[in-house]
Structures are given as C-alpha cells and as structure tokens.
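One structure below.
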Amino acid sequence: MLSKSLCLVLLVLSFSASAVVIRDDVDDAKYRVADAELPALADIPTEGQGVLIDPRWVITAAHAVTWQSGGINEVTINHVPRHVERVVLYPGYQKLPQPLVDKALKTNDATQIIAFLSASNDVALLKLSEPVTDVAPIAIYRKNEELGKIIKIVGKGATGTGASGQVASGAHRTALRRAFNKIIGVQDRWLCYTFHKPPSALPLEGISGDGDSGGPVLIQVNGQWQVAGLVSWKRGKDNSILMHPGFYGQTNYNVRLSHYAKWIDNVILTDKTHSGSSTVDGEN
C-alpha cells in the first residue's frame, strides 16, 4: 500500500506537511524561519497541510484528506489541536484511479494521469468545531492577476536541493522553511511555477516537495500575504514517471483559489445561515 502511494510521486500528489526544496548553493539556514512566519498554517495528522481562512474554516487540497482511510478528526494550528466537525469536498471531486497509476508504472508514461489531474478540482474545506481565536485567518487572493507574481512557499516537511533532488529517505516534518518563486503559468484551476537553476533562480528560490499536499502559495498585497494557491501535484520536463522529485526544472501545479473563491464563500455563508444542517454540495 505504501509503495503505491510513493509511486504517486510521479504526479506528484504529495502526502505530508509542506516541504521546501532549496537551491544547492545557498545555506539551508537562510531558508529556515520561526513558526511566527505563518501561524495560520494547519497541520493535518500524519501528512498534509492547510490554511486557516476563517475562524472556523481551513482550506486544503481534497486529496490531502481523502487518502486517509480513517478520515480527518483534527488539525493542529499554532501548536494547538483543533477538532474538525466536517469535511466539504468540491462537488464532483474524484480520487486518482489506481488503474491509471498501474499503467503509468508499467509504461513509464504519466500522460493519462496528468490529463486526469489537470481536469480535477483538488480543493476541500474543513469546518472546525470551535472558532480559532488565537490566530488571525489568512485572506484569499481573489484577483485574476497571478501571472508574473512573486510567491512565497512555507512548509516544514521533506527537503533537499535542486542539484540532488529531495532527500529520498528524509523525514516529512522538520524545521519550518520558506522560499520564493514566480508564477509562470496560469490556467483556470492551476497556478504553475518552475524550480530554476542558478544563476537564473531567485536569491531564495525553492519549490514544494513530497509531503506538501494542501500547503500554501502566498502572494503579497499591500504588505500582507494572501493565500493564492494550494500545493497539489507536479511534473518533470516530460511525462515520464518522476520517482525522485525536487530537481531543477520541475514544475509545480497549485490549486488556484481565485477560481474557487465563489464556491468557498458559498460554503461558508451557507453554513453560517443554516448552521447544523447538511445542505452543502460535496459534503463528506
């Protein structure tokens, strides 16, 4: 079972807390930051992350919660466990079919998987039982102006360098790190950025690695960071299976929250209007 999940690295649907893979010519200490860098970061048990966007709501990638057979009962925000009352998946979300994975492993061609992921809606909301009062929520970036923007990636999972790739046997939750990159592609559902090799890279350029599901991609607006995307999947320079991610040239695909803003607003408003009822499409 574990080997099957690890094989999804080719996509990659990373299972764990946000990781940051860094430049090979920059000291790791320059990427490390205190927890105060993003108090609204939410740790999902075992692996996966999300972001607090409302006192009672965390947003994350749908696959970060649906792969866990036991469901999601709590998340940890600012070192405090918070009980999850329910999970709301985007309507029509489907897990990646295992036959597509098996075929890709046999042929070393992930074309069909990439097509499936490109058409997916990998987003979910987690309603907390009690409002969070000790951490300020992060606003969603709502403009359709992501292209060319510098982004910040924050995470504390697996790491490595662009020269040697992600450390294959490394822990998926380590010290908190942040890195920067630039949005080079915008699609309806996705924000894309690529890990560039020095000297073309930003001074603290990095990329999310395995274990990043649901982690934040942030854009600065008037001095404040807003969450514009969520870590979802990645691909190499071609459509072959990427068993060892994190190298220069890898492109990451992140859920574009401006595309889902109306749905997010509707879920939260509907819940506040009909508290305790089950009226939201996609509820799990």
* If you take the residues of the stretch 139-171 that are more than 24 Å from Pro203 (Cα to Cα) and not aliphatic (A, V, I, L, M), which of them is surrounded by the fewest Cβ atoms within 10 Å (Cβ to Cβ)? -> Ser169
* **Among the residues listed as Ser200, Ser208, the single one being in contact (Cβ under 8 Å) with a residue 40 or more places away in the chain and among the hydroxyl-bearing types (Ser, Thr, Tyr)** => Ser208
* Output yes when any residue across the stretch 92-113 is in contact (Cβ under 8 Å) with a residue 60 or more places away in the chain, in contact with a Ser or Thr (Cβ under 6 Å, 6 or more places away or on another chain), under 19 Å from Pro137 (Cβ atoms) and in a loop (DSSP other than H, G, I, E, B), and no when none is. => no
* Out of Ala136, Ala115, Ala110, which single residue is buried (at least 18 other Cβ atoms within 10 Å of the Cβ) and among the aliphatic types (A, V, I, L, M)? -> Ala110
* Structure fact -> Scanning the stretch 208-240 residue by residue, those surrounded by 20 or more Cβ atoms within 10 Å (Cβ to Cβ), under 15 Å from Lys149 (Cα atoms) and among the β-branched types (Val, Ile, Thr) turn out to be Val217, Ile219, Val227
* Would you be able to say whether some residue in the stretch 27-34 is part of a loop (DSSP other than H, G, I, E, B), more than 18 Å from Leu128 (Cβ to Cβ), at pLDDT 95 or above and over 19 Å from the mean Cα position of the chain (by Cα)? => yes
* To do: Please determine, by comparing only the residues of the stretch 7-26 that are at pLDDT 90 or above and assigned to a loop (DSSP other than H, G, I, E, B), which one is farthest from Gly229 (Cα to Cα).
  => Asp25
* For the stretch 144-160, indicate whether the set of residues that are touching a Phe, Trp or Tyr at 6+ places or on another chain (Cβ under 6 Å), assigned to a loop (DSSP other than H, G, I, E, B) and closer than 20 Å to Ser213 by Cα is non-empty. => no
* To do: Could you please find all residues in the stretch 97-151 being hydroxyl-bearing (Ser, Thr, Tyr) and more than 20 Å from the chain's Cα centre (by Cα)?
  => Thr107, Thr111, Ser129, Thr133
* Could you check how many residues of the stretch 211-249 are free of Cβ contacts under 8 Å to residues at least 40 places away in the same chain, under 30 Å from Lys103 (Cα atoms) and of a type in the set (Gly, Ala, Ser)? => 1
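The values are calculated or read from the model by the stated rules, or taken from the named source; none is laboratory data. Note that the coordinates shown come from a computational prediction; the quantities given were computed from them, not determined experimentally. Please note: Cβ atoms are built from the backbone with ideal geometry, for glycine as well, and neighbour counts cover all protein chains shown.
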